[in-house]
Amino acid sequence: MKKIFVCAGVLFFFFKGTTQPPRIVNIINFIRLLEPRDSAITEDVLYQTVVKQIELMRKHHLGGTFLLQYDALMDARYQKLLKALPKDSFEIGAWWEIPQPLVENAGMKWRGRYPWDWHADVGFSTGYTPQEREKLVDRYMKDFRSVFGYYPQSVASWFIDAHSLNYMYERYHIVASANCKDQYGTDGYTLWGGYWNQAYYPSKHNAYMPAQHADKQIPVPVFRMLGSDPIRQYDNGLENERQGVVTLEPVYPAAGGDAAWVHWFFQQFVNGASMAFAYTQAGQENSFTWPAMSKGLELQFPLIERLRDEKKVKVETLAASGKWFKEQFKLTPPTSVVAIEDLPGGNKKTVWFNSRFYRVNLLWDSGHLRFRDIHLFNENLASKYETEVATSNECTFFTLPLLDGYLWSSHDFFAGLRFRAIINGKETDLTGGDPIVSDKVKGVLTVSWPLKNASGSLQFVFTEDKIQVSLMDNTSLKWYLDFKAAENKILPFTDINPKHISAAFEGTNYKLLAEQGSFEKDKSDKTFLIQPYNQKLVLSFDNGSSN
């Protein structure tokens, strides 16, 4: 059964299916007391923005989470406003950016340019020693409890170091956290190669890195914020110092502030295979102000309300999502993000698969297919911020790249593993139709791609630690995967032999293994082929770690 409705002249379809994993929406608005980057954004402008957010949420009967930066926590107006919210649908938690009053009240000297400074060495926990981080946590928690009578259950930020996060869990028993979407250089913050969307249990050594084993993980799920466009966010800003933003954030007129994009995004969210669960975060920090975000939120909230009432999404607080995650999963589960339809006029489709061991992305473009991204996870790869203090305005978190279609691409050439074959004696790209994606088997994502310029179909089976690719219904076609990167890119590969590719990154050695099929050096040391055996490839991962 499907329902049809029209918005802004665009026709949208939402399918009413059978029982499926939950599709969770957190509305998270975080609150700063002041905005030193723009003198027109006064404390009153910021406060009135939160008032308007609450009014709109209550108009559409939507609960959510408000996260307080310390200076806003200590402001009487915010205290009164947020205490009046019904506790059965609203949550008050902590936004972990570090302003001047928190530092000074914790007994330290402020080093910032302004009372709140967004640079990573001042405004985030990475700019402080582990002992100083504990003092900051203790002071925040003490004052939060004095205001609200309890400790916050959720603490989020663009990024939080593992030491702080684990300390918050062990001493104050937080149940959920959240960090920024994957991005490169945006605002000076790089989080690249991690668990793409949904949520994961982080390593005790690196809050950005998913852990592989229960004894190595912080048992607090970290949810990925901002609702990235699964097709366009990744490639945005190739070869620029800063990546652009294509997300559900309502202040972006070509994404979260555009009716067609918003409905397309939620259509993929509701209908796409997600395996264990689907997740997205709506909302906006008050620094953008109400005039900039109102149009987008007034588009999004009625749609979220409708989908909630139709039982297609579940709207809940971040803490509720964290508790549910812990009840359901002892380890980070496999999940997927799928967009098998593009925006009107577009011709791309994508599948993201995540597990505690790796992430992978398939991208179809005008009937051609390539692996766009493969990153490996290693719980023992410690973040440098566990022992060092950030000394610049930049902050970087990485995982282990096997294929990086963003950093290894150029304006003229997209890096990737392309699907090619010898047809009529010539090497050519395989072309095909629309993929069919299924998550009916628990823990397994299956993708079937019918070919057009050859008979048969390619079938992909993604499991926690393996990728299987098979050509079905064609025993004679000579096909293979062809890896190429753009010129002058630094690649991590140290050795290519028939059964494995070795790589090294951030002081860690790791491998891509061919359990079935083989690797073959191509014309340069920057290119290689992956050949199937009996029309099948089985690739697995060795991240160099052990329990």
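The values are calculated or read from the model by the stated rules, or taken from the named source; none is laboratory data. All values derive from a computational prediction rather than experimental measurement. No Cβ is skipped: glycine too gets one built from the backbone with ideal geometry, and neighbour counts run over all protein chains shown. Quick note on the areas: whole protein, heavy atoms, side chains included, nothing else; ligands and nucleic acids left out. Shrake-Rupley method; radii C 1.70, N 1.55, O 1.52, S 1.80 Å.
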Hey, Gln284 part of a loop (DSSP other than H, G, I, E, B) and touching a helix residue (DSSP H, G or I) at 6+ places or on another chain (Cβ under 7 Å) or not: yes
Checklist (1) touching a residue at least 60 places away in the same chain (Cβ under 8 Å); (2) crowded, with 22+ Cβ neighbours inside 10 Å applied to Thr396, failing item: (2)
Filter result for the condition that a residue is aliphatic (A, V, I, L, M) and either within 18 Å of Ala178 (Cα to Cα) or outside any helix (DSSP H, G or I) (or both), over Leu102, Leu33: Leu33
The listed residue being open to solvent by 40 Å² or more (accessible area, probe 1.4 Å) and farther than 25 Å from His173 by Cα, out of His375, His368: His368
In segment 494-507, the residues that are in contact (Cβ under 8 Å) with a residue 40 or more places away in the chain, part of a strand (DSSP E or B) and over 20 Å from Asn534 (Cα atoms): Ile501, Ala503, Phe505
Selected residue [more than 19 Å from Leu539 (Cα to Cα), polar (S, T, N, Q) and surrounded by fewer than 19 Cβ atoms within 10 Å (Cβ to Cβ)] from Thr431, Thr446: Thr431
Condition check for Phe144: hydrophobic (A, V, I, L, M, F, W, C), at pLDDT 95 or above, in contact with a Pro (Cβ under 6 Å, 6 or more places away or on another chain) and more than 15 Å from Gly322 (Cβ to Cβ): yes
Filtered residues of segment 297-312 (kept if of a type outside the set (A, V, I, L, M, F, W, C) and either open to solvent by 10 Å² or more (accessible area, probe 1.4 Å) or assigned to a loop (DSSP other than H, G, I, E, B) (or both)): Glu298, Pro302, Glu305, Arg306, Arg308, Asp309, Glu310, Lys311, Lys312
Single match in Trp110, Trp116 (criterion: open to solvent by less than 10 Å² (accessible area, probe 1.4 Å) and over 21 Å from the mean Cα position of the chain (by Cα)): Trp116
Selected residue [within 30 Å of Leu46 (Cα to Cα) and in contact (Cβ under 8 Å) with a residue 40 or more places away in the chain] from Leu331, Leu299, Leu343: Leu299
The listed residue being crowded, with 23+ Cβ neighbours inside 10 Å, among the hydrophobic types (A, V, I, L, M, F, W, C) and at pLDDT 95 or above, out of Phe269, Phe329: Phe269
Whichever residue in segment 508-519 is in contact (Cβ under 8 Å) with a residue 40 or more places away in the chain and over 17 Å from Val469 (Cα atoms) and, among such residues, is surrounded by the fewest Cβ atoms within 10 Å (Cβ to Cβ): Thr508
Single match in Gly257, Gly244 (criterion: closer than 18 Å to Trp158 by Cβ and either touching a Ser or Thr at 6+ places or on another chain (Cβ under 9 Å) or surrounded by 18 or more Cβ atoms within 10 Å (Cβ to Cβ) (or both)): Gly244
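One line per residue, one yes/no per condition, for (1) modelled with pLDDT of 95 or more; (2) open to solvent by 60 Å² or more (accessible area, probe 1.4 Å); (3) under 30 Å from Arg139 (Cα atoms):
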{"site": "Met1", "(1), (2), (3)": "no, yes, no"}
{"site": "Thr19", "(1), (2), (3)": "no, yes, no"}
{"site": "His61", "(1), (2), (3)": "yes, yes, no"}
{"site": "Leu68", "(1), (2), (3)": "yes, no, yes"}
{"site": "Ala72", "(1), (2), (3)": "yes, no, yes"}
{"site": "Leu81", "(1), (2), (3)": "yes, no, yes"}
{"site": "Leu85", "(1), (2), (3)": "yes, no, yes"}
{"site": "Ile92", "(1), (2), (3)": "yes, no, yes"}
Single residue of segment 30-59 satisfying the filter (of a type outside the set (A, V, I, L, M, F, W, C) and closer than 20 Å to Ile98 by Cα) that is surrounded by the most Cβ atoms within 10 Å (Cβ to Cβ): Arg32
Selected residue [open to solvent by less than 20 Å² (accessible area, probe 1.4 Å) and more than 21 Å from Gly416 (Cβ to Cβ)] from Asn497, Asn543, Asn534: Asn543
Residue, farthest from the chain's Cα centre (by Cα), within segment 25-73, restricted to residues that are among the aromatic types (Phe, Trp, Tyr) and farther than 18 Å from Phe301 by Cβ: Tyr47
